[in-house]
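Taken together, the values in this text are just the output of simple stated rules run on the coordinates, not laboratory data. All values reported here derive from a predicted model rather than from experimental measurement. Cβ sites come from the backbone with ideal geometry, for glycine too, and all protein chains shown count toward neighbours.
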Amino acid sequence: MTTRIVEVRAGVLRKNDELARALRTRFEEAGVFVVNLVSSPGTGKTELLQRTLTELRESGQRAAALVGDLETDNDAQRLATSGVPVRQINTHGRCHLEAEMISQHLDSWDLASLDYLFIENVGNLVCPASYDLGEALRVALLSVTEGEDKPLKYPTIFNSADSAVITKVDLAEACEFDRERAIAAIRSVRPGMPVLEVSAKRGTGMAAWLADLEARRLAWRQGRPGGAST
Amino acid sequence: MHELDLARNIVELAVEAAERLGAAKVNVVHLKVGRLAGVDPGALHFAFDVATADTLLAGARLEVIDVPLVVWCAHCLTEVELPQVNHFYCPACGTAAGEIRQGRELEVASLEIET
Ligand SMILES: Nc1nc2c(ncn2[C@@H]2O[C@H](COP(=O)(O)OP(=O)(O)O)[C@@H](O)[C@H]2O)c(=O)[nH]1
Ligand SMILES: [Mg+2]
Ligand SMILES: [Zn+2]
């Protein structure tokens, strides 16, 4: 017997990363802008998404959504009221969505006919950070009810996001929410992070959120390989 | 917590490599874990012992190599190590510094095997 040390250098999440890359290519070819929403449970992902899907549909945009939860299809039912195609992904105990679950739930959807595909991740501020789903945009949500310092406690996920949305601003006063402190916390873990503020219940900030999404989608369409012409 | 998932991935990768190398036994798995990887090494050690049972890795030890969080400071024009993972400001000059150069790794670096 001889003992020796051999280099391996293999990413632990290699399989997910490879699948996510394949998905990203597929989304780019189809021209569908994919948005992954991450937050704690109860931050308001479903509420924001329901309103977003409804308003997009009313303005003639074509959207669809995948929603991840450990169990139940309650969120898919809520989202389906918007009138756009929605599918539930039950992870049965898994605390995050993985690229493979996404590809398994795209069957028979004509991606090329969509402008937007939203993915509501499982409510969890830890694990979804590590799993690329092939999205073009990752948005981290923080509600005014959960404490301004959440980003400092969960830096990995806020750092991994492209933009942040503060939700439930209609409750800000009742919670004595310190807006400056929350934005400073977000930017402390991701310098320069764009921050939007919304109340999906009241509609506050919805126009700015939708305008930001559309601007990002158009910029992405210009930038993707083969780009603007298709 | 997804440490058990991660441990299973680690075991799969390590078994694959060990078999390719014709190893009879794996003594140690050296794993790089970036400070911003979002992984709890304590939970990972526990999960590793569970995931290695009844595999070629049974009895193997997991050695975690901590990878510091390193960012580029556009003011100092150099890479700097951040002492905290939630405070992306250059410790030398205070400038916000978000361009990560190191610290997200989650990688099986090497194996100590017996052949
Ligand atoms: N007041 C208020 N409540 C909200 C808002 N958005 C969501 N909620 C409530 O917060 C709870 C959790 O929202 P939900 O969308 O299910 O959160 P999710 O777990 O992140 O999908 C529900 O009771 C919602 O009605 C909001 O903008 N204002
Ligand atoms: Mg939900
Ligand atoms: Zn500096």
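List of remarks:
- Sub-6 Å Cβ pairs linking a first residue in the range A:153-177 that is under 13 Å from A:A140 (Cβ atoms) to a second residue that is charged (D, E, K, R), at least 6 apart or interchain, are A:F158/A:R190; A:N159/A:R190; A:A161/A:R138; A:D162/A:R138; A:I166/A:E197, ordered by first then second residue.
- Taking the criterion of being more than 16 Å from ligand 1 (Cβ to nearest atom) and either farther than 15 Å from A:I89 by Cα or over 17 Å from the mean Cα position of the chain (by Cα) (or both), the only residue of the range A:116-126 that qualifies is A:Y116.
- Restricting the range A:36-53 to residues that are within 18 Å of A:Q77 (Cβ to Cβ) and away from ligand 2 (no atom under 11 Å from the Cβ) leaves a set whose member that is surrounded by the fewest Cβ atoms within 10 Å (Cβ to Cβ) is A:R51.
- Checked against (1) more than 14 Å from every other protein chain (Cβ to nearest Cβ); (2) within 18 Å of A:V165 (Cβ to Cβ); (3) touching a residue at least 40 places away in the same chain (Cβ under 8 Å), A:T54 passes all but condition (3).
So that you can scan it fast, the table gives a plain yes or no per residue for (1) more than 30 Å from B:G98 (Cα to Cα); (2) touching a helix residue (DSSP H, G or I) at 6+ places or on another chain (Cβ under 9 Å):
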position: B:E3; (1), (2): no, yes
position: B:L13; (1), (2): yes, yes
position: B:G22; (1), (2): yes, no
position: B:N27; (1), (2): yes, no
position: B:V33; (1), (2): no, yes
position: B:L36; (1), (2): no, yes
position: B:L44; (1), (2): no, yes
position: B:T55; (1), (2): yes, yes
position: B:L69; (1), (2): no, no
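- For A:E100, the conditions (1) surrounded by fewer than 17 Cβ atoms within 10 Å (Cβ to Cβ); (2) more than 13 Å from every other protein chain (Cβ to nearest Cβ); (3) touching a residue at least 40 places away in the same chain (Cβ under 8 Å) all hold with the exception of (2).
- Answer residue from the range B:26-74, given it is in contact (Cβ under 8 Å) with a residue 60 or more places away in the chain and under 25 Å from A:K153 (Cα atoms) and is surrounded by the fewest Cβ atoms within 10 Å (Cβ to Cβ) among those: B:K32
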